[in-house]
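Q: Quick one: the structure is below, and I'll ask about it shortly.
The values are calculated or read from the model by the stated rules, or taken from the named source; none is laboratory data. Model, not experiment: these values are computed from the prediction. Please note: Cβ atoms are built from the backbone with ideal geometry, for glycine as well, and neighbour counts cover all protein chains shown.
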Amino acid sequence: MKSYVLYPGCVMPTEQYAYEMSIREVFPLLDVKLVDQKGFSCCGEPIKSVNQMLSLALSARNISLAEKEGLDIFAPCPMCHLALSESKRILDSDPAMKKKINNFLADEGLTYEGKASIVSILDLLYDIIGIEKIKKLAKKPLNELKVATHYGCHLIRPSEIGRPDDSENPQKMEKILEAIGTKPLDYPEKLDCCGGLLTANLPESALTKTGQKLQKVQEQGFDAFIDTCPWCHRQYDSKQIKAGETVAAKLEVPVLYLTQLLGLSFGISSDKLGLDLNLSPVDKLNLGGK
Amino acid sequence: MSIIDLTSMGESQVNLRDEINERLSRLQDEISDYCYQCAKCTSGCEAHKLLELEPHKIVALLKRGLIDEMINSDLIWTCMSCFKCRERCPQKVAPVEVLFALKNMAVASGKQIPGNYTAMLQSVLSIGLLQDVKNITTRDNKSKNRSDLGLPEISKPTDPTKFQMMLSKLAVEKV
């Protein structure tokens, strides 16, 4: 059994509880132990527009906290994963910057060393655990659900920083979803952004981006929309009705976290996967939700 | 520590402004020359379709040194950081990074920080997270919190004073 420090970030542990619940249920079944650690802060990525140095320092701080455990870090939120990975890349290649940042971290008795790897949800599921293991655990038939994937921009770009899948034609989510008996299909809008980061200053425009993509997904007759990012999920699931209003469409697309669907396939009860927290019409799928 | 320390034009900000200035002139000298205005960035820009952001023009304006004009414009705040421009540029120019530097400069120059950014920053400074834990509502209208759902206590900075000390140093020191 391999262990990782779970870096939860902000959005998942303060409101997107279904992602956290499903992660805590699914990974132990896949022989991955998640270790909780006190003291984490925001990764800094959402406030990069305000002060980039602050983002760098916050990420370095979080990595150094996890390094005390001597374990690698699992960051399920793509935005956190990008922030931590980018910090690591900068600090590992620039000794002067590393010294400077460590000088700040000293106040809290922390040191960034650069020993821990930063692992994303796709690294963990596809490359570390592997499709075979997922296939073996899949027991509940998912009736060849026709699913659309949404990776989230930060999970696949910028590839220069080292992202877990191809920036223009990502397929790892599709392979995982095939392994549990669903039918993922590509669609023209697959790489479109949810607009979530505009929520801070242009919330209406953010919702329009969300609505435009989801409307296309609905028109193409998908049964469900699967994501891995708490920011994107907040847009597509939690705010789906409002997003529909911005494009004058009645949206009824069931939206689930990848880990929720995995959990259902592994036979975990829908309560434990937080399925009643999804605000989109997931009941339509008859997967054992309320 | 208040948000003013991080964002005002006061004495303590001088070094931060120097750092961003340095970053901008580096982008101007080293990167904008490579741009030959093919506009591939703009053709894929997520903010272009909806909000008329044109990343290739941002690079062109940077090349001409029109930084004040840009930091006074709301346009720089329409970027949704999807990183497509950085990914697709045939010349490895990254308009998204130019936009980050410009937005940082706007803030360090005491321009109004748009929308909710102030609240987000304030929250990070006080509790370490973008927002505090929320009670959420289920599909059938029941209110739930972390412990109702069997989730452990949230991870956040254990000593806020020391955490804030670190952040305040950051805001004034030239990194």
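Q: For the stretch B:80-95, enumerate the residues that are more than 8 Å from chain A (Cβ to nearest Cβ) and of a type outside the set (S, T, N, Q).
A: Matches in the stretch B:80-95: B:C85, B:R88, B:C89, B:P90, B:K92, B:V93, B:P95.
Q: Sticking with this structure for a sec: Consider the stretch B:109-129. How many of its residues are more than 8 Å from chain A (Cβ to nearest Cβ) and touching a residue at least 60 places away in the same chain (Cβ under 8 Å)?
A: Residues flagged as more than 8 Å from chain A (Cβ to nearest Cβ) and touching a residue at least 60 places away in the same chain (Cβ under 8 Å) within the stretch B:109-129 amount to 5.
For every residue, the table says whether it meets (1) crowded, with 20+ Cβ neighbours inside 10 Å; (2) among the acidic types (D, E).
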{"residue": "A:G130", "(1), (2)": "no, no"}
{"residue": "A:H154", "(1), (2)": "yes, no"}
{"residue": "A:P164", "(1), (2)": "yes, no"}
{"residue": "A:L198", "(1), (2)": "yes, no"}
{"residue": "A:K216", "(1), (2)": "no, no"}
{"residue": "A:E219", "(1), (2)": "no, yes"}
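Q: Can you spot a residue in the stretch B:156-168 that is at the interface with chain A (Cβ under 8 Å from one of its Cβ atoms), in contact with a Pro (Cβ under 8 Å, 6 or more places away or on another chain) and either without any contact (Cβ under 8 Å) to a residue 60 or more places away in the chain or in a loop (DSSP other than H, G, I, E, B) (or both)?
A: yes
Q: Can you name the helices (runs of 4 or more DSSP H) wholly within the stretch A:181-290 that have at least 3 residues being of a type in the set (G, A, S) and farther than 28 Å from A:I134 by Cα?
A: A:203-219
Q: OK, next. Please state which one of A:E25, A:E20, A:E45, A:E67 is assigned by TED's automatic domain parsing to the domain that holds A:P78, closer than 23 Å to B:S81 by Cα and not hydroxyl-bearing (S, T, Y).
A: Just a single option satisfies the conditions, and that option is A:E45.
Q: In the stretch A:91-111, which residues are in a helix (DSSP H, G or I), within 13 Å of A:S59 (Cβ to Cβ) and within 11 Å of another protein chain (Cβ to nearest Cβ)?
A: Hits for the stretch A:91-111 are A:M97, A:I101, A:F104, A:L105.
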